[in-house]
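Everything on this sheet refers to the single structure shown next.
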Amino acid sequence: MTVYQALLAFAVVAGLLTLAPGLDTALVLRSSISRSRGFAFATSLGINTGAMVWGIAAAVGVSALLAASEVAYRLLTLAGAAYMVWLGGSLLWKSWRHREAPTQPEVGAHVTGVQVVNPAGHQLLRGWLTGAGTNLLNPKVGVFYIATIPQFIPSGTSPLLMGMLLAGVHCMLAMIWFSALIFATGFLSKWLKGARSIRTIDRITGTVLVGFGLKLALEPVH
């Protein structure tokens, strides 16, 4: 198998995974609808940063250590589960707490066609951290890479370099998909950015996050 054939074959697997509805898609949609386009892109970049780190880790064997060590895997699983439950619970609390209050524009949101600029950029950093944290604390991403990347490393090639290339392919496909979602929600923003729609999106996303976190915490290691 040549490098080109390996990248093409992995792109098919990664593409199917990207298109499958999941936690990352829910986060990007929620960011695009209730925050801003910039925040959503920052979240997408954070998700891909986490994926790239896991891809490199898989290539150099760190993910293999997690797969072999039940304690290490369990600790990371519980940390990731706690983070997701906290993030989802925060969204649910916010949606119910402010159900009667008018929705105020987020910093960086589009208001009457004008971009409200946040000079410090802390909102974009927050979006990036949300995406990166969700992926980095999800050991299932590492397990996916350790199960797939070794199969697509041709003999005679550098595992580290090939791992970076394969993870890069996954990130590129994910970014294309996330960009399509972000721009699509932009066209529908008139209907999606109302207070009721935002509360609904927050509740759906929060429920998904809490459910995924609880499932992650309660499932057996093997």
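Does segment 167-180 contain any residue that is under 18 Å from Arg35 (Cβ atoms), surrounded by fewer than 16 Cβ atoms within 10 Å (Cβ to Cβ) and modelled with pLDDT of 90 or more?
Yes, segment 167-180 has at least one match.
Identify the single condition in (1) modelled with pLDDT under 70; (2) exposed (fewer than 14 other Cβ atoms within 10 Å of the Cβ) that Ser155 does not satisfy, given that it satisfies every other one.
(1)
Yes/no per residue for (1) touching a helix residue (DSSP H, G or I) at 6+ places or on another chain (Cβ under 6 Å); (2) modelled with pLDDT under 75:
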| residue | (1), (2) |
| --- | --- |
| Ser36 | no, no |
| Ile47 | yes, no |
| Trp54 | yes, no |
| Gly61 | no, yes |
| Leu65 | no, yes |
| Ala72 | yes, yes |
| Arg97 | no, yes |
| Thr103 | yes, yes |
| Gly108 | yes, yes |
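If you go through segment 122-173, how many residues are over 21 Å from Gly213 (Cβ atoms) and among the hydrophobic types (A, V, I, L, M, F, W, C)?
18
Picking from Gly133, Gly127, which residue would you name as being surrounded by fewer than 20 Cβ atoms within 10 Å (Cβ to Cβ), in contact (Cβ under 8 Å) with a residue 40 or more places away in the chain and within 19 Å of the chain's Cα centre (by Cα)?
Result: Gly133 is the single residue among Gly133, Gly127 that is surrounded by fewer than 20 Cβ atoms within 10 Å (Cβ to Cβ), in contact (Cβ under 8 Å) with a residue 40 or more places away in the chain and within 19 Å of the chain's Cα centre (by Cα).
Within 17 Å of Ser31 (Cβ to Cβ), modelled with pLDDT under 80 and part of a helix (DSSP H, G or I), is that true of Gly186?
yes
Check off (1) at pLDDT below 75; (2) assigned to a helix (DSSP H, G or I) for Val221 and give me the number that stays unchecked.
Against the list (1) at pLDDT below 75; (2) assigned to a helix (DSSP H, G or I), Val221 comes up short only on (2).
Would you pick out the residues in segment 37-46 that are surrounded by 24 or more Cβ atoms within 10 Å (Cβ to Cβ) and either out of contact with any Leu (no Cβ under 7 Å at 6 or more places or on another chain) or not in a helix (DSSP H, G or I) (or both)?
Filtering segment 37-46 down to residues surrounded by 24 or more Cβ atoms within 10 Å (Cβ to Cβ) leaves 39-40, 42-44, 46.
Selection gives Ala40, Ser44.
Every residue in segment 1-41 that is small (Gly, Ala, Ser) and farther than 30 Å from Ser155 by Cα, please.
Those that are small (Gly, Ala, Ser) and farther than 30 Å from Ser155 by Cα: Ala20, Gly22, Ala26, Ser31, Ser32, Ser34, Ser36, Gly38, Ala40.
The values are calculated or read from the model by the stated rules, or taken from the named source; none is laboratory data. These figures come from a predicted structure and were not determined experimentally. Here Cβ is always computed from backbone atoms with ideal geometry, including for glycine, and neighbour counts include all displayed protein chains.
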